[in-house]
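Enquirer: Please read through the structure below; I'll follow up with questions.
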Amino acid sequence: MNTQRFAGKVMVVTGAAQGIGRGVALRAAAEGAKVLLVDRADFVSEVAAEATGGEAAGFMADLETYEGAFSAMAFAMKIFGRIDILINGVGGAIRMRPYAEFEPAQIDAEIRRSLMPTLYACHAVLPHMLAQGHGTIVNVSSNATRGIRRVPYSAAKGGVNAMTQSLAMEYGEHNIRVVAAAPGGTAAPPRRVPRNAAGDSEREKAWMDEAVTQVTESTFFKRYGTLDEQVAPILFLASDEAGYITGAVLPVAGGDNG
């Protein structure tokens, strides 16, 4: 493997303060990229300071708003001068419960968390990629387009898959690739910012257990993936090694393709 695949490349990684996004950003920097780590968590700059290899900077923005996405891309252009690669990593189910048990505001919150940041960031980055005549967008989707206890999240990630394919068709003639990775359940360190700030009730904990069982049993390996097993395919899709791949959604879920 070329360990400097991203030398001379500028990459923006959203959702970069923890989880898969953090792993992608730090490994990309180690492979030579200039990386802007974007997150609304105030410790994103601490994570950027861990990077070795390429340059890295942190930027706080709420990507559930268009203003947040626009400001992140503008900052990347200001400090690095261009954006070669965008990794859209913001997302994640907030609650696990049967669909009939979701409240309307909770449905809205799931869509806002797991679809809108990707829509907004793609829209904000495209003018820069069009002006420079090239670019690569990797959307982090999910195999949870088929699963239990998270229907609004599933719908959001189905939207990510659809926009990936449509954007790829629309902008291929402009030398812009758009692809997605669809992770399955992933073992990660405890989150510094919880997925559900309100905390889970006992019923929600039971529903979560049911979802975890379904996710585990649906894989051929009967286990969760590791962070490294998710980071590597995302960075492959982002690299020039995948230069003739666009419009594709790559399942990375131990055989459970969603």
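Enquirer: Can you tell me which residue in the stretch 127-142 is nearest to residue 233 (Cα to Cα), limited to those that are of a type outside the set (Gly, Ala, Ser), over 12 Å from the mean Cα position of the chain (by Cα) and open to solvent by less than 20 Å² (accessible area, probe 1.4 Å)?
Expert: Checked the stretch 127-142; the qualifying residue nearest to residue 233 (Cα to Cα) is 136.
Enquirer: Next up: Looking at the structure I just gave you, is residue 28 part of a loop (DSSP other than H, G, I, E, B), touching a residue at least 40 places away in the same chain (Cβ under 8 Å) and surrounded by 22 or more Cβ atoms within 10 Å (Cβ to Cβ)?
Expert: Answer is no for this residue.
Enquirer: Also, quick follow-up: Looking at the stretch 150-162, is at least one residue surrounded by 22 or more Cβ atoms within 10 Å (Cβ to Cβ), out of contact with any Leu (no Cβ under 9 Å at 6 or more places or on another chain) and not in a helix (DSSP H, G or I)?
Expert: Among the residues of the stretch 150-162, at least one is surrounded by 22 or more Cβ atoms within 10 Å (Cβ to Cβ), out of contact with any Leu (no Cβ under 9 Å at 6 or more places or on another chain) and not in a helix (DSSP H, G or I), which makes the answer yes.
Enquirer: Go through (1) out of contact with any Cys (no Cβ under 9 Å at 6 or more places or on another chain); (2) surrounded by 21 or more Cβ atoms within 10 Å (Cβ to Cβ); (3) outside any loop (DSSP other than H, G, I, E, B) for residue 6 and report which single condition fails.
Expert: Condition (3) is where residue 6 drops out.
Enquirer: Looking only at the stretch 233-245, which residues are assigned to a helix (DSSP H, G or I) and buried (at least 17 other Cβ atoms within 10 Å of the Cβ)?
Expert: Looking only at the stretch 233-245, we keep the residues that are assigned to a helix (DSSP H, G or I), and these are 233-238, 240-242.
Result: 233, 234, 235, 236, 237, 238, 242.
Enquirer: Condition first: assigned to a helix (DSSP H, G or I) and closer than 30 Å to residue 126 by Cα. Now tell me which residues in the stretch 169-225 satisfy that.
Expert: 169, 170, 171, 172, 173, 174 - these are the residues of the stretch 169-225 that are assigned to a helix (DSSP H, G or I) and closer than 30 Å to residue 126 by Cα.
Enquirer: Follow-up question, since we're still on this one. State all residues of the stretch 9-25 that are part of a loop (DSSP other than H, G, I, E, B) and either open to solvent by less than 30 Å² (accessible area, probe 1.4 Å) or at pLDDT below 95 (or both); if no residue qualifies, say none.
Expert: Once the filter is applied, which keeps residues that are part of a loop (DSSP other than H, G, I, E, B) and either open to solvent by less than 30 Å² (accessible area, probe 1.4 Å) or at pLDDT below 95 (or both), the stretch 9-25 yields 15, 16, 17.
Enquirer: Name the residues in the stretch 191-213 that are crowded, with 17+ Cβ neighbours inside 10 Å and not small (Gly, Ala, Ser), would you? Full working, then the answer.
Expert: Initially, the stretch 191-213 is screened for residues crowded, with 17+ Cβ neighbours inside 10 Å, giving 204, 207-208, 211.
Of everything in the stretch 191-213, those that are crowded, with 17+ Cβ neighbours inside 10 Å and not small (Gly, Ala, Ser) turn out to be 204, 207, 208.
Enquirer: Still on this model: Considering every residue within the stretch 85-99, establish whether at least one is surrounded by fewer than 21 Cβ atoms within 10 Å (Cβ to Cβ) and not in a loop (DSSP other than H, G, I, E, B).
Expert: yes
Enquirer: Can you name every residue in the stretch 54-109 that is small (Gly, Ala, Ser) and touching a strand residue (DSSP E or B) at 6+ places or on another chain (Cβ under 7 Å)? Show your work before the answer.
Expert: Filtering the stretch 54-109 down to residues small (Gly, Ala, Ser) leaves 54, 56-58, 61, 68-69, 71-72, 74, 76, 81, 89, 91-93, 100, 105, 109.
Answer for the stretch 54-109, where residues must be small (Gly, Ala, Ser) and touching a strand residue (DSSP E or B) at 6+ places or on another chain (Cβ under 7 Å): 54, 56, 57, 58, 61, 72, 76, 89, 91.
Enquirer: Follow-up question, since we're still on this one. Restricting attention to the stretch 50-79, report how many residues are open to solvent by 80 Å² or more (accessible area, probe 1.4 Å) and assigned to a strand (DSSP E or B). Spell out how you get there, then give the answer.
Expert: Of the residues in the stretch 50-79, the ones open to solvent by 80 Å² or more (accessible area, probe 1.4 Å) are 50, 52, 55, 60, 67, 70, 78.
Applying the additional criterion that residues be assigned to a strand (DSSP E or B) yields 60.
Total satisfying the criteria: 1.
Enquirer: Of the residues 83, 87, 79, 111, which single one is at negative phi, under 20 Å from the mean Cα position of the chain (by Cα) and free of Cβ contacts under 8 Å to residues at least 60 places away in the same chain?
Expert: Every option except 111 fails the conditions.
Enquirer: Something else about it: Out of 188, 248, I need the residue that is in contact with a strand residue (DSSP E or B) (Cβ under 6 Å, 6 or more places away or on another chain), surrounded by fewer than 18 Cβ atoms within 10 Å (Cβ to Cβ) and not β-branched (Val, Ile, Thr). Which one?
Expert: 248
The values are calculated or read from the model by the stated rules, or taken from the named source; none is laboratory data. The structure presented is a predicted model; accordingly, all values stated were derived computationally and were not measured. Please note: Cβ atoms are built from the backbone with ideal geometry, for glycine as well, and neighbour counts cover all protein chains shown. Accessible surface is based on the protein model in full, side chains and every heavy atom, while ligands, DNA and RNA are left aside. Shrake-Rupley method; radii C 1.70, N 1.55, O 1.52, S 1.80 Å.
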